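See below for the structure under consideration.
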């Protein structure tokens with residue numbers, strides 16, 4: 001008998017009561033495929049309730065974060081329309097559990113992308129926007145204590161994404177050399193470069209295309225992809241975050 005409905009109910013408990021729950025691994029042993037099935041079931045329920053799929057986020061695009069989850073590749077989560085914030089917004093921390101901050105580039109899908117797309121097709125069919133991801137999981141003391149199965153089952157800690165205005169995707173070479181300046185309340189706290197994301201964020205999107213295809217899913221026109229953090233994630237606090245990306249633009253979110 002499948003344990004997927006039980007695990008889904010465990011996740012739903014946290015979601016509905018807005019209280020974190022224990023890790024999945026404390027009571028269940030499941031495969032990666034089963035964990036993705038839990039994620040898809042969670043998303044299907046949200047869609048039935050009136051939400052819609054806006055796109056996908058790519059997680060664990062660095063060796064350091066992959067090591068935490070004892071895996072050799074990234075993971076994806078599903079972004080719902082209700083989770084997308086426009087830049088220059090204010091957002092209440094009370095709506096979240098234990099959020100982090102991750103500056104990331106957002107890829108906007110302008111044409112359906114084929115299941116065997118190479119990086120050139122991806123660049124030709126996308127625009128790129130400055131972004132900030134706010135990962136958030138529904139487990140007690142989740143970061144950095146999660147396992148891969150915990151993460152996948154809880155929609156890979158998809159909290160909110162903040163998007164700025166898209167610009168035409170630059171060349172492959174330029175995409176791999178975009179500098180980041182992240183300010184908190186007006187002071188630079190972090191800097192980084194896009195080559196931290198699998199050497200180039202477009203490589204992360206290519207991985208996503210292939211992984212989605214293995215689940216009979218694809219990137220379709222109108223979707224957005226949060227492509228992976230430039231820096232190690234850190235705990236979100238109240239205040240203003242401004243992420244500026246050379247030649248791409250900047251985006252700001254104020255957490256209250």
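The values are calculated or read from the model by the stated rules, or taken from the named source; none is laboratory data. These numbers come from a predicted model, not from an experiment. Cβ coordinates were reconstructed from backbone atoms using ideal geometry, including for glycine residues, and neighbour counts include every protein chain displayed.
For residue 212, the conditions (1) modelled with pLDDT of 95 or more; (2) closer than 19 Å to residue 71 by Cβ; (3) surrounded by 19 or more Cβ atoms within 10 Å (Cβ to Cβ); (4) in contact with a strand residue (DSSP E or B) (Cβ under 8 Å, 6 or more places away or on another chain) are fulfilled apart from (3).
For the stretch 127-152: of the residues being more than 20 Å from residue 76 (Cβ to Cβ) and in a loop (DSSP other than H, G, I, E, B), which is modelled with the lowest pLDDT? For the stretch 127-152, the residue satisfying everything is 145. Among the conditions (1) free of Cβ contacts under 8 Å to residues at least 12 places away in the same chain; (2) more than 22 Å from residue 118 (Cα to Cα), residue 238 misses just one, which is (1).
Among the residues making up the stretch 191-205, those that are surrounded by fewer than 17 Cβ atoms within 10 Å (Cβ to Cβ) and in a strand (DSSP E or B) are 191, 193.
Residue count for the stretch 107-121, restricted to those that are touching a residue at least 40 places away in the same chain (Cβ under 8 Å), more than 20 Å from the chain's Cα centre (by Cα) and outside any loop (DSSP other than H, G, I, E, B): 1.
The rows are residues; the columns are (1) in contact (Cβ under 8 Å) with a residue 40 or more places away in the chain; (2) in a loop (DSSP other than H, G, I, E, B).
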| site | (1), (2) |
| --- | --- |
| 173 | no, no |
| 177 | no, yes |
| 180 | yes, no |
| 207 | yes, no |
| 218 | yes, yes |
| 226 | yes, no |
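Among the numbered conditions (1) surrounded by 14 or more Cβ atoms within 10 Å (Cβ to Cβ); (2) in contact with a helix residue (DSSP H, G or I) (Cβ under 9 Å, 6 or more places away or on another chain); (3) closer than 25 Å to residue 54 by Cβ, the only one that residue 224 does not meet is (2).
Each residue in the stretch 227-256 was checked for being at positive phi and surrounded by 15 or more Cβ atoms within 10 Å (Cβ to Cβ), and 2 pass.
Candidates in the stretch 153-170 are the residues that are under 9 Å from the mean Cα position of the chain (by Cα) and assigned to a strand (DSSP E or B); of these, the one that is surrounded by the fewest Cβ atoms within 10 Å (Cβ to Cβ) is 160.
Within the stretch 15-37, being surrounded by 11 or more Cβ atoms within 10 Å (Cβ to Cβ) and not in a helix (DSSP H, G or I) holds for 18, 19, 20, 21, 22, 23, 27, 28, 30. Count of the stretch 41-55 residues, restricted to those that are part of a helix (DSSP H, G or I) and more than 22 Å from residue 99 (Cα to Cα), is 5.
Quick one: is residue 7 in a loop (DSSP other than H, G, I, E, B), surrounded by 14 or more Cβ atoms within 10 Å (Cβ to Cβ) and out of contact with any strand residue (DSSP E or B) (no Cβ under 6 Å at 6 or more places or on another chain)? Against the criterion (in a loop (DSSP other than H, G, I, E, B), surrounded by 14 or more Cβ atoms within 10 Å (Cβ to Cβ) and out of contact with any strand residue (DSSP E or B) (no Cβ under 6 Å at 6 or more places or on another chain)), residue 7 does not qualify.
Yes or no, residue by residue, for (1) at pLDDT 95 or above; (2) surrounded by fewer than 15 Cβ atoms within 10 Å (Cβ to Cβ):
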{"site": "48", "(1), (2)": "yes, yes"}
{"site": "53", "(1), (2)": "yes, no"}
{"site": "60", "(1), (2)": "no, no"}
{"site": "64", "(1), (2)": "no, yes"}
{"site": "70", "(1), (2)": "no, yes"}
{"site": "73", "(1), (2)": "no, yes"}
{"site": "81", "(1), (2)": "yes, yes"}
{"site": "108", "(1), (2)": "yes, no"}
